[in-house]
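The values are calculated or read from the model by the stated rules, or taken from the named source; none is laboratory data. The shown structure was predicted, so the numbers you read here are calculated from the model rather than taken from an experiment. With ideal geometry, Cβ positions are generated from the backbone for all residues, glycine too; neighbour counts draw on all protein chains shown.
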Amino acid sequence: VRLRTALIIAVVAAVALAAAATLIRLRRDPPPAGPYALTSEHLGALASPRTIVRRIPSVAQRVAVGFGVETPGPSQLHRLGGGSVSAWRTRRGVCWFGGYTPRRGFGVAECVAPTSAPIEWIATTPGLGDTISVVEGLATDGVISVRVRLCDERGTVVTRPHDNFYVARLPAGPRPWNVCEVSARLAGGARYNETIAIPHHR
Amino acid sequence: MVLLSRRARPGVIGMAAALAAVFAAALMLVSSAISSQTYFSGTMSGGQSATSGSNYWSQDTVYRPVGNNFALWFGSGSGYTTNSGSNPFSIFGSYGYTQAHCQNLTGGSVSPVTCIAS
């Protein structure tokens with residue numbers, strides 16, 4: 001009888017353990033997969049000695065402190081987009097800042113968590129008086145080109161990423177809320193599309 | 001007497017200068033103490049915006065779940081920037097004594113949202 005009780009307890013315990021393990025596995029989000037997933041492994045410029053920023057600017061520390069992420073150490077900060085932004089790996093994903101020049105006095109910064117999309121975007125108009133708006137963001141190694149489509153037949157802007165970062169300067173006039181779609185052409189011939197809907201509430 | 005009054009005048013000026021210095025130091029302390037303001041924290045409904053108090057802000061940041069399109073800007077529209085795919089995101093700017101803004105551009109409520117001006 002004792003042996004049977006012990007056996008039942010052992011089976012129940014094993015079933016409970018297996019159920020708990022399955023539940024934990026189900027609750028954990030699957031990591032972004034695929035050759036074009038936006039992860040630091042697919043951002044080759046972040047591993048290239050050629051793009052290392054030797055002198056880390058003070059704004060890097062400011063962004064890191066503000067976002068609560070690790071400050072980039074020596075050889076950890078990389079110049080992407082031909083020098084337009086600087087990026088580094090953090091526990092939040094990849095963080096970058098750019099466009100911050102004292103003369104122009106404006107810049108943006110963000111931290112991008114791993115995602116299955118090959119590109120991400122941020123749309124901005126630097127100043128109230130500026131007529132040029134910009135759509136820019138990270139692009140993984142397999143992205144050949146990025147196309148920004150404006151609403152109301154205002155046309156499209158196509159650009160190529162440089163060191164995992166693209167910058168699409170819109171023609172004079174359209175604002176961030178006039179952007180309707182950002183898409184990427186991938187090395188394998190596929191295309192990634194993301195529709196953007198920005199209601200102009202202001 | 002003349003000598004005494006001549007000695008007294010620099011004393012008054014000195015005291016005024018010291019008071020001014022103390023006042024300036026206090027002002028600096030106060031301004032550094034309010035160098036960051038969390039001007040929104042909680043659930044933000046679709047289309048809702050929040051505005052900070054006025055200060056010499058140079059950074060505007062929003063934290064919210066990825067996938068929700070939000071906008072940040074200074075003053076009456078300077079540096080208007082939108083994004084949905086990163087968390088957090090910030091804009092930097094030197095627009096003088098101004099307000100910072102944060103807006104939920106989605107059609108529904110988003111939570112949690114934190115908007116910080118610094």
Pairs only if they're at least six apart or on different chains, beta carbon under 6 angstrom, first in region A:63-77 and more than 23 Å from A:ARG50 (Cβ to Cβ), second basic (Lys, Arg); list them, first residue then second. A:VAL69/A:ARG92
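Matching residues to (1) touching a Leu at 6+ places or on another chain (Cβ under 8 Å); (2) of a type in the set (S, T, N, Q); (3) more than 16 Å from A:ILE122 (Cβ to Cβ); (4) surrounded by fewer than 18 Cβ atoms within 10 Å (Cβ to Cβ):
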| site | (1), (2), (3), (4) |
| --- | --- |
| A:VAL148 | yes, no, no, no |
| A:PRO161 | no, no, no, no |
| A:GLY173 | no, no, yes, yes |
| A:GLU181 | no, no, no, yes |
| A:GLY189 | no, no, yes, yes |
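Any residue in region B:101-116 that is of a type in the set (S, T, N, Q) and away from chain A (no Cβ under 12 Å)? Lay out the reasoning, then the answer.
From region B:101-116, those of a type in the set (S, T, N, Q) are B:103-104, B:106, B:109, B:111, B:114; that's our starting set.
If we keep only those that are away from chain A (no Cβ under 12 Å) as well, we get B:109, B:111.
So far as region B:101-116 goes, yes, one or more of its residues are of a type in the set (S, T, N, Q) and away from chain A (no Cβ under 12 Å).
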If we scan region A:57-67, do we find a residue that is at pLDDT below 90 and away from every other protein chain (no Cβ under 14 Å)? no
Within region B:76-88, is even one residue touching a strand residue (DSSP E or B) at 6+ places or on another chain (Cβ under 9 Å), in a strand (DSSP E or B), more than 7 Å from chain A (Cβ to nearest Cβ) and aromatic (Phe, Trp, Tyr)? no
Within region B:45-68, of all residues that are under 20 Å from the mean Cα position of the chain (by Cα) and among the aliphatic types (A, V, I, L, M), the one farthest from B:ALA100 (Cα to Cα) is B:VAL62
Of the residues A:ASP152, A:ASP141, which is part of a loop (DSSP other than H, G, I, E, B) and at positive phi? A:ASP152
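Being surrounded by fewer than 23 Cβ atoms within 10 Å (Cβ to Cβ) and not charged (D, E, K, R) is true for just one of B:GLY93, B:GLY46, B:GLY79. Which residue is that?
Values: B:GLY93 fails: surrounded by fewer than 23 Cβ atoms within 10 Å (Cβ to Cβ); B:GLY79 fails: surrounded by fewer than 23 Cβ atoms within 10 Å (Cβ to Cβ).
Result of the check over B:GLY93, B:GLY46, B:GLY79: B:GLY46.
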Within region A:34-52, considering residues that are modelled with pLDDT of 95 or more and among the aliphatic types (A, V, I, L, M), the one surrounded by the fewest Cβ atoms within 10 Å (Cβ to Cβ): A:ALA47
For A:ALA184, the lone unmet condition from (1) assigned to a loop (DSSP other than H, G, I, E, B); (2) within 14 Å of chain B (Cβ to nearest Cβ) is (1)
Tell me, yes or no, whether region B:37-48 has at least one residue that is within 25 Å of A:PHE97 (Cβ to Cβ), of a type outside the set (Gly, Ala, Ser) and modelled with pLDDT under 60. no
Restricting attention to region B:49-58, and to residues there that are farther than 11 Å from B:GLN37 by Cβ and without any contact (Cβ under 8 Å) to a residue 60 or more places away in the chain, which single residue is farthest from the other protein chains (Cβ to nearest Cβ)? B:TYR56
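Test of understanding: among A:TRP177, A:TRP121, A:TRP96, which residue is touching a His at 6+ places or on another chain (Cβ under 6 Å) and within 12 Å of another protein chain (Cβ to nearest Cβ)?
Values: A:TRP121 fails: touching a His at 6+ places or on another chain (Cβ under 6 Å); A:TRP96 fails: touching a His at 6+ places or on another chain (Cβ under 6 Å).
Sole residue among the options that is touching a His at 6+ places or on another chain (Cβ under 6 Å) and within 12 Å of another protein chain (Cβ to nearest Cβ): A:TRP177.
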Being within 11 Å of another protein chain (Cβ to nearest Cβ) and modelled with pLDDT of 90 or more, is that true of even one residue in region A:71-92? no
